[in-house]
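To start, the structure under review is shown below, and the notes come after it.
The values are calculated or read from the model by the stated rules, or taken from the named source; none is laboratory data. Please read these numbers as outputs of a predicted model, since none were measured by experiment. Heads up, the Cβs are rebuilt from the backbone with ideal geometry, glycines too, and the neighbour counts pull from every protein chain shown.
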């Protein structure tokens with residue numbers, strides 16, 4: 001595999017063993033239909049030997065709306081992109097085959113895990129297409145054998161009708177935990193536990209020092225980490241037990257970058273750990289310097305980006321202006 005990657009132009013490190021990847025473009029990916037890609041989550045397709053990315057596809061190109069009409073963020077279907085070079089470049093594949101609810105139902109912010117031979121998607125549903133933010137939202141569980149077609153399993157009963165942005169992690173004891181935003185409780189991040197990904201017990205608030213959304217939990221460099229989206233860049237928390245979380249003083253991706261399409265704060269991300277390396281996939285709004293008057297509704301448009309994370313003395317940093325050589329190891 002190493003020789004193949006070398007010949008394919010992925011590059012090797014100084015020892016000539018571990019692929020260091022190809023330089024990812026900026027932007028990493030634009031949705032070719034609505035140009036509103038957001039909230040990415042990545043999963044390795046075990047049959048096709050490809051990385052797949054599922055993302056919220058907001059209808060940024062929707063015409064004829066009043067200033068406060070947010071129906072363009074509703075009525076969406078989850079987009080799918082594919083990478084055949086281990087996460088460096090992506091091509092559009094279409095929309096996910098999810099048969100749930102009425103045709104006007106909204107799909108947001110999925111998270112996907114692989115367990116016991118199946119892919120499990122946890123997906124936010126808004127039951128309709130709305131012009132404001134005052135609608136119920138809940139999380140459903142779907143399964144797939146191939147990432148192609150998804151079957152509904154259940155609706156998560158979490159004690160609230162305003163829950164969004166699930167993030168799944170398998171606990172050291174073999175049980176599962178999901179973190180999510182509960183808008184009914186001051187937009188704090190809550191969590192729930194399950195022995196089987198189907199039956200869930202809400203446990204209450206996990207993070208209460210700020211209002212935020214889009215949690216992402218992962219293990220890296222001998223610590224557990226949670227990255228959140230408090231709308232001021234991305235917040236970082238560290239934990240040794242997945243129970244008690246210590247906030248990092250400074251957010252990452254809070255300062256706009258210098259490269260076109262990446263000159264606004266980073267929003268709602270996924271993180272993929274690849275050996276000792278880790279990569280953050282996030283989205284940016286095309287406002288300010290990147291507001292393009294030639295594109296209708298430019299300020300609604302969002303693109304996906306990638307950068308490498310760095311850790312020193314328990315602090316995570318990102319240089320979003322540095323070239324990201326991306327190589328995502330397939331999971332064992």
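Identify the single condition in (1) at pLDDT below 95; (2) part of a strand (DSSP E or B) that residue 53 does not satisfy, given that it satisfies every other one.
It fails just one condition, (1).
Could you grab me the full set of residues in segment 216-236 that are within 24 Å of residue 285 (Cα to Cα) and touching a strand residue (DSSP E or B) at 6+ places or on another chain (Cβ under 9 Å)?
216, 217, 226, 227, 228, 229, 230, 231, 233, 234, 235, 236
Just checking, how many residues over segment 56-86 are within 20 Å of residue 286 (Cβ to Cβ), under 17 Å from the mean Cα position of the chain (by Cα) and outside any strand (DSSP E or B)?
Adding up the residues that qualify gives 3.
If you go through segment 172-193 one residue at a time, how many are outside any strand (DSSP E or B) and either closer than 22 Å to residue 212 by Cβ or within 17 Å of the chain's Cα centre (by Cα) (or both)?
Result for segment 172-193: 5.
Could you tell me which of the residues 331, 293 is outside any strand (DSSP E or B), in contact with a strand residue (DSSP E or B) (Cβ under 9 Å, 6 or more places away or on another chain), at pLDDT below 95 and surrounded by fewer than 18 Cβ atoms within 10 Å (Cβ to Cβ)?
331
For segment 126-139, what are the residues that are within 20 Å of the chain's Cα centre (by Cα) and over 16 Å from residue 41 (Cα atoms)?
Narrowing segment 126-139 to residues within 20 Å of the chain's Cα centre (by Cα): 126, 137-139.
Result: 126, 137, 138.
Which number in (1) within 17 Å of residue 216 (Cβ to Cβ); (2) out of contact with any strand residue (DSSP E or B) (no Cβ under 6 Å at 6 or more places or on another chain) marks the one condition that residue 186 misses?
Only one criterion in (1) within 17 Å of residue 216 (Cβ to Cβ); (2) out of contact with any strand residue (DSSP E or B) (no Cβ under 6 Å at 6 or more places or on another chain) is unmet by residue 186, namely (1).
Matching residues to (1) under 22 Å from residue 54 (Cβ atoms); (2) touching a residue at least 24 places away in the same chain (Cβ under 8 Å):
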site	(1), (2)
239	no, no
246	no, no
260	no, yes
297	no, yes
307	yes, yes
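Scan segment 205-230 for residues that are surrounded by fewer than 17 Cβ atoms within 10 Å (Cβ to Cβ), in contact (Cβ under 8 Å) with a residue 24 or more places away in the chain and part of a loop (DSSP other than H, G, I, E, B) and jot them down.
209, 210, 211, 221 - these are the residues of segment 205-230 that are surrounded by fewer than 17 Cβ atoms within 10 Å (Cβ to Cβ), in contact (Cβ under 8 Å) with a residue 24 or more places away in the chain and part of a loop (DSSP other than H, G, I, E, B).
Just the residues that are farther than 29 Å from residue 18 by Cβ, at pLDDT 95 or above and not in a loop (DSSP other than H, G, I, E, B), please, taken from segment 268-288.
Residues satisfying the conditions are 268, 284, 285.
Return yes or no: is residue 270 surrounded by fewer than 23 Cβ atoms within 10 Å (Cβ to Cβ), in contact with a strand residue (DSSP E or B) (Cβ under 7 Å, 6 or more places away or on another chain) and under 24 Å from residue 175 (Cα atoms)?
no
Tell me which residues, restricted to segment 231-247, are crowded, with 17+ Cβ neighbours inside 10 Å and over 25 Å from residue 35 (Cβ atoms).
235, 236, 237, 238, 242, 245
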